[in-house]
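> I have a structure I would like to understand better, so I am pasting it below and will then ask my questions one at a time.
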Amino acid sequence: MKKRYGQILEMIGNTPIVRLSKVVAGSPHEFYAKIESFNPGGSVKDRIAVALIDGAEKRGELKPGGTIIEATSGNTGLGLALVSAVKGYKCIFVMPDKISEEKRAILRAYGARVVITPTAVEPEDPRSYLSVAAKLVKETPNCFYANQYHNPDNPERHYRTTGPEIWEQMDGQLDVFVAGAGTGGTISGCGRFLKEKNPKLKVVCADPVGSILYDLFYHKKIVDPPAPYKVEGVGEDMLPENVHLNVMDDFERVSDQEAFAMTRRLIAEEALCVGPSSAMALVGAIKYSEKLKTPSKILVMFPDNGRAYLSKAFNDVWMTENGFLKGVDLAKTFNRVMSAEDLYKEMGWSF
Ligand SMILES: Cc1ncc(COP(=O)(O)O)c(C=O)c1O
């Protein structure tokens, strides 16, 4: 940690790695998590936001006063909005309606316009967030389409920064690297770098049930048709150019139920307030670790902050309505907000 920074963008990267204990108790392996919520925008996407804008400026695709347009699940939008606030660009973000209210609100707070589209439509449907973003790009003068799913500056940034950080922080002692894939930039960039350092290292992708990436890796074709799921930011219904399957050694499928349950365990047992895609990656890592013959050092990417999911993963009503919390009497849980009147009534006290 430097004493002082010239401006906020200098604080992106150099995020901490924390050893996990209670949630992997009894395992012969060592589990570590790279906590990307320590980036100023709260997610791993701050890293690529700088790279996407730098690349566009260098190629003359983005000029002063320009507008940045992106199809995003929120975090890349936040990273781009952060950089744009410093550099004076306008931002328009197109997001599927499954994305949390918190993510929409923080983007607006950074001055961005947010366009919401239906989640459950085919990628090529004109109403999809990818199609609406493409339409906006066609109609908006002096704009730059960040195009994180196919822009090579994305994985390249992780190859140049995140991968080397992990290797240095783990003192070159790492056997397995696990991450989810949305654009694929993180796992493809980090995976390529770490394998150059240790060719025996295994790169494992944790993939939500309902995503097509697992099938494309194992069967080179879609076997189970894509289906909606609640975990945000990971998994796909199309194959982004930035998902480099040749870098990966294995895939583990994880259900929403497993991911949301682990999201709750991480904050309750490790005091790690992270998003469901972090928990999904950890569940995938634990499943993969059960196949390992020798005790191994396993690092899992934790992409973002749990605060963006207070109305979902950390909301008992939402969790119950979606079947992820069963048999819990919400009126009796300890961690509930209650009025002083209710407290006194429950305790039999009087004012
Ligand atoms: C919460 C969250 N987790 C994981 C990812 C996946 O990262 P990548 O796009 O580098 O594959 C994203 C990407 O948007 C994300 O927002």
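The values are calculated or read from the model by the stated rules, or taken from the named source; none is laboratory data. Just so you know, these numbers come straight off a predicted model, no measurement behind them. So basically every Cβ, Gly included, is an ideal-geometry build from the backbone, and we count neighbours across all protein chains shown. The protein model used for the area step is the full one, side chains on, heavy atoms only, and it has no ligands, DNA or RNA in it. Shrake-Rupley method; radii C 1.70, N 1.55, O 1.52, S 1.80 Å.
> Residue by residue through segment 56-68, what is 3J(HN,Hα) from phi via Karplus (6.51 cos²θ - 1.76 cosθ + 1.60, θ = phi - 60°)? Round to whole Hz and write x for glycine and proline.
Karplus-based 3J(HN,Hα) across segment 56-68 equals 5, 5, 4, 7, x, 7, 10, 10, x, x, x, 10, 9 Hz.
> For a 24 Å ceiling on Cα separation, which of these pairs sit above it: Lys230/Lys291; Lys230/Lys326; Lys200/Lys221; Lys87/Lys195; Lys312/Lys332; Lys230/Lys332?
With Cα atoms farther than 24 Å apart: Lys230/Lys291; Lys200/Lys221; Lys87/Lys195; Lys230/Lys332.
> Here's something else I'd like to know. Quick check on packing: order 252-263, 88-99, 35-46, 113-124 by the mean number of other C-beta atoms within 10 Å, highest mean leading.
Top to bottom by mean Cβ count within 10 Å: 35-46, 252-263, 88-99, 113-124.
> Just to confirm, what accessible area per residue do you get for segment 45-145 at 1.4 Å probe, in whole Å²?
43 Å²
> Additional query: So how much slack lies between Glu341 and Tyr110, counting 0.36 nm per residue of separation and subtracting their Cα-Cα distance, in nm?
79.3 nm
> Right, another one. Packing-wise, with mean Cβ within 10 Å as the measure, how do 329-342, 71-84, 306-319, 227-240 rank, highest first?
71-84, 227-240, 306-319, 329-342
> Shifting gears a bit: Pop out the Kirkwood hydrodynamic radius of segment 45-145 from its pairwise C-alpha distances, inverse of mean 1/r, in Å to one decimal.
13.5 Å
> Can you tell me how much longer the chain between Arg160 and Ala227 gets when fully stretched, taken as 0.36 nm per residue apart minus their C-alpha distance, in nm with one decimal?
Fully extending the segment from Arg160 to Ala227 adds 20.7 nm.
> Now a separate question. Which distance in nm do the two modelled labels at Lys200 and Leu292 give, with both placed 7 Å along the Cα-to-Cβ direction?
Spacing of the two 7 Å Cα→Cβ label points: 1.3 nm.
> On average, how much accessible surface per residue is there in segment 178-318, in Å², for a 1.4 Å probe, leaving out ligands, DNA and RNA?
I get 38 Å² per residue for this part.
> Test of understanding: extend the Cα→C-beta vector of Phe334 to 7 Å, then name every residue of segment 250-282 with backbone N under 12 Å from that spot.
Once the point is set 7 Å along Cα→Cβ of Phe334, 268-269 turn out to lie under 12 Å by backbone N, inside segment 250-282.
> Order these peptides, 158-168, 272-282, by their mean beta-carbon neighbour count within 10 angstrom, highest first.
Going by the mean number of other Cβ atoms within 10 Å, highest first, we get 272-282, 158-168.
> What's the magnitude of the charge dipole for the chain around its Cα centre, counting Lys and Arg as +1 and Asp and Glu as -1 at the beta-carbon? Answer in Debye, nearest 20. If you can, show how the numbers build up before the last one.
Values: 44 positive and 44 negative charges, 154 e Å.
The dipole magnitude comes to about 740 debye.
> Here is a follow-up. Tell me the mean residue ellipticity at 222 nm calculated for the chain from its helices only (DSSP H runs of n ≥ 4, each -39500 (n - 2.57), averaged over every residue, nearest 500). Walk me through the intermediate numbers first.
Details: 12 runs with 121 residues, N = 351.
When only DSSP H runs of four or more count, the value is -10000 deg cm²/dmol.
> Pairs of Cα atoms under 8 Å, at least six residues apart: use those to get the relative contact order of the chain, whole percent.
Numbers: 684 pairs, mean separation 62.7, N = 351.
Relative contact order, the chain: 18 percent.
> Also, I was wondering about something else. Could you look at segment 45-145 and say what percent of its accessible area is carbon and sulfur, using a 1.4 Å probe and all protein chains?
Carbon with sulfur: 57 percent of the solvent-accessible area.
> By how many nm would the segment from Lys326 to Asp125 lengthen if fully extended, with 0.36 nm per residue of separation less the alpha-carbon distance? Intermediate results must be reported in sequence, preceding the final value.
Details: separation 201, 0.36 × 201 = 72.36 nm, distance 3.57 nm.
Extending this stretch completely gives an extra 68.8 nm.
> At R0 = 51 Å, how high is the FRET efficiency between His219 and Ser21 if r is their beta carbon distance? Nearest 0.05 is fine.
Result of the calculation: an efficiency of 0.90.
> Treating the beta-carbon of each Lys and Arg as +1 and of each Asp and Glu as -1, no other charges, what is the dipole magnitude of segment 96-222 about its Cα centre, to the nearest 20 debye? Write out the running numbers ahead of the final one.
Details: 17 positive and 16 negative charges, 36 e Å.
The dipole magnitude comes to about 180 debye.
> Turning to a different aspect of this structure: Using a simple charge model, +1 on the beta-carbon of Lys and Arg, -1 on the beta-carbon of Asp and Glu, nothing else, what dipole does segment 204-351 show about its Cα centre, in debye to the nearest 20?
With Lys and Arg at +1 and Asp and Glu at -1, about 320 debye.
> Using a Debye calculation, one point per C-alpha and no hydration shell, please list log10 I(q)/I(0) for the chain at q = 0.09, 0.11, 0.16 Å⁻¹ in order.
The calculated log intensity ratios at q = 0.09, 0.11, 0.16 Å⁻¹ are -0.50, -0.73, -1.48.
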